[in-house]
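Student: This is the structure I have questions about; it appears just below.
The values are calculated or read from the model by the stated rules, or taken from the named source; none is laboratory data. Treat the numbers as computed from the prediction; the structure is a model and nothing was measured. Here the Cβ is made from the backbone with ideal geometry for all residues, glycine too, and neighbour counts use every protein chain on show. Remember, those area values only see protein heavy atoms, side chains included, never the ligands or the DNA or RNA. Shrake-Rupley method; radii C 1.70, N 1.55, O 1.52, S 1.80 Å.
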Amino acid sequence: DRSDPDEDPIVNFRLTPEECEEAVDTHGKRREEWLGGLREKHIEPTERQAALIEEAFGAIEEKLSSYGFDIPAIRRDRPHIIFLSRGDYWKEKEGKEEKHNNPDTLGFYDPNTNTVILWYKQTAWEKNQRNQEFLHTLTHELLHAYSLRILQVCTVREREEAEDKLILSAHRSGLCLYKLGMPEKGRFRGLDEALTEDLAVEVTNEVVNR
């Protein structure tokens, strides 16, 4: 299960096994608490959209395979996929990406928890019978989930008087390298997004035109 933190590569900076175990344990508890809150707000997709999710996974693996990727080697457990209302989406998105990023983006991938979060635009998607926008946004974020993910151990202080805690945070997602303890900042993000978007357009067009 490569979606679990103890199965992903972890940059530990010569920490003891006990310290690494502490970071993994803390990360798991924080992840489940966060995901639990998201699941309470999750909007169920329509039957057609649920079918498109399955098509997207298959089409992505076909496309990556055509470029020479070893699918069994890069496949991990499926990411958590959460659909949120506009208000809930923006509450979750705030602070997770640099402010200069496209404010109109409809989804994002959180490499810390292997989670795809999409803004569920129910009215717009109901009018779009071919579901291009839904499929395109979903495919783009799922491609991030198929990319390389490496975690790193860092410290966090949740309250001023509290002791530092060891947690896991993204070190690398795809081509993007994150600064230690500052996952909102990353190098090569633009390049990673450009390549991901190019593949997402290819995959979306192939699925829509089948």
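Student: At R0 = 25 Å, how high is the FRET efficiency between L35 and E94 if r is their beta carbon distance? Nearest 0.05 is fine.
Tutor: On the way: r = 18 Å, r/R0 = 0.71.
Efficiency computed from Cβ-Cβ geometry: 0.90.
Student: Between E19 and D77, with labels modelled 7 Å along Cα→Cβ, what's the label distance in nm to one decimal, could you check?
Tutor: Label at E19, label at D77, 2.7 nm between them.
Student: Another question, then. So between I150 and D198, what do we pick up on full extension, going 0.36 nm a residue minus the alpha carbon distance?
Tutor: Working: separation 48, 0.36 × 48 = 17.28 nm, distance 2.30 nm.
Fully extending the segment from I150 to D198 adds 15.0 nm.
Student: Under a plain spin-label model, where a point goes 7 Å from the Cα along Cα-to-Cβ, how far apart in nm are T26 and K179?
Tutor: 2.1 nm
Student: Using R₀ = 41 Å, calculate the FRET efficiency as 1/(1 + (r/R₀)^6) where r is the Cβ-Cβ separation of R86 and R210; round to 0.05. Write out the running numbers ahead of the final one.
Tutor: Values: r = 30 Å, r/R0 = 0.74.
Using R0 = 41 Å, I get an efficiency of 0.85.
Student: Give me the percent of accessible area attributable to carbon and sulfur for segment 34-95, probe 1.4 angstrom. Present the calculation step by step, with values, prior to reporting the outcome.
Tutor: Details: 1780 of 3560 Å².
Solvent-exposed carbon and sulfur of segment 34-95 make up 50 percent of the total.
Student: Listed here are the pairs K29/K93; K91/K121; K63/K179; K93/K179; which of them are more than 24 Å apart at the Cα? Don't skip to the end; give the middle numbers.
Tutor: Working: K29/K93 21 Å; K91/K121 16 Å; K63/K179 31 Å; K93/K179 19 Å.
Violating the 24 Å limit, Cα to Cα: K63/K179.
Student: Label Q122 and R48 with points 7 Å out from Cα along Cα→Cβ: what is the distance between them in nm?
Tutor: 1.6 nm
Student: Also, quick follow-up: Can you tally the net charge around S65? Count Lys and Arg as +1, Asp and Glu as -1, for every other residue whose Cβ sits under 14 Å from the Cβ of S65.
Tutor: Working: positive: K63, R75; negative: E61, E62, D70, E202, E206.
Taking every other residue near S65 into account, the sum is -3.
Student: A further question follows. Kindly sort K63, K121 by accessible area of their heavy atoms, largest first, with the probe set to 1.4 Å. Could the numbers behind the result be given before it?
Tutor: On the way: K63 25, K121 55 Å².
Per-residue accessible area, sorted high to low, gives K121, K63.
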